[in-house]
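Here is the structure we will look at, set down as structure tokens.
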Amino acid sequence: MPNQDIAADPVSTLALSVVVPVLNERDNIPPLVAEIVAALRGRVAFEIVYVDDQSADDSLAVLGALKREVPELRVLQHARQSGQSTAIRTGVKAARADWIATLDGDGQNDPADIPKLLQARAAAPAQVRLFAGWRVQRQDSASKRWASRWANAIRARMLRDDTPDTGCGIKLFERAAFLDLPYFDHMHRYLPALMQRAGWQTTSIPVNHRSRSAGVSKYNNLDRAWVGLRDLRGVAWLIQRSRQTGVREL
């Protein structure tokens, strides 16, 4: 079967699409969906778009069962495993709202923080198109926290994106602005710098962070560091080569 994009509805009354990429997270799916519903139902018209990246466990079956119980839930599956950035982009392209909230599928992001991001958006200038979560109290292992601090320091020095925690999974951004960004694997780790390159403003919002309650991390520090250094050079090159200008129509 050919790999086809899932197009979004051209007309929608939804105010928010929550996009969640998952790979082998079957035990984290039900509680996270319940938390998203509890945080948003009655506050805002929303949908939840889960993108299964060809899980080897029964994540897809769990999602299918939940879909019959949660009317806001939509479920997409990749034809082949393609990574987190592609899963996020798949969900954003399929989303029917103009604004997107993303969460990691491991349950470490707290859906109760989404209303906080929405409140920040309501008070922000129109030029701010990305509200990035900032995990001020990380609940990861000491080695992962150290690796993150090291990576953030190098990234900040190279990209000057004024973002303390670019790797946090919970973010709120405009769909159109995101889809206008250059796409590459691991791009989700550089959204503030890429948004700024496109001429938009970004801001960081302190959010809750939780320990993983089930499953295992899909990354190790060595692999992440190697890929990160290579991507940093590429993003720095994109920033150096960018040209922005205002436009007026006569």
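The values are calculated or read from the model by the stated rules, or taken from the named source; none is laboratory data. Only a predicted model underlies this, so the values are computations on that prediction, with no experimental measurement involved. So basically every Cβ, Gly included, is an ideal-geometry build from the backbone, and we count neighbours across all protein chains shown.
Residues being touching an Asp or Glu at 6+ places or on another chain (Cβ under 9 Å) and not in a loop (DSSP other than H, G, I, E, B): count how many of those fall in the range 14-31. Count: 6. Considering the range 74-117, and only residues there that are within 21 Å of LEU179 (Cβ to Cβ) and among the charged types (D, E, K, R), the residue that is nearest to the chain's Cα centre (by Cα) turns out to be ASP104.
Take the range 92-107 and flag every residue that is over 14 Å from LEU23 (Cα atoms) and in contact with a Phe, Trp or Tyr (Cβ under 9 Å, 6 or more places away or on another chain).
Across the range 92-107, the qualifying residues are VAL92, ALA97, TRP99, ILE100, ALA101, THR102.
Per this entry, ILE88 is not counted among residues that are of a type in the set (A, V, I, L, M), assigned to a strand (DSSP E or B), in contact with a helix residue (DSSP H, G or I) (Cβ under 8 Å, 6 or more places away or on another chain) and touching a residue at least 12 places away in the same chain (Cβ under 8 Å). Considering the conditions (1) surrounded by fewer than 18 Cβ atoms within 10 Å (Cβ to Cβ); (2) part of a loop (DSSP other than H, G, I, E, B); (3) of a type outside the set (A, V, I, L, M, F, W, C); (4) modelled with pLDDT of 95 or more, ASP104 is excluded by exactly one of them, (1). Looking only at residues in the range 195-250 that are among the small types (Gly, Ala, Ser) and part of a helix (DSSP H, G or I), the one that is modelled with the highest pLDDT is ALA236.
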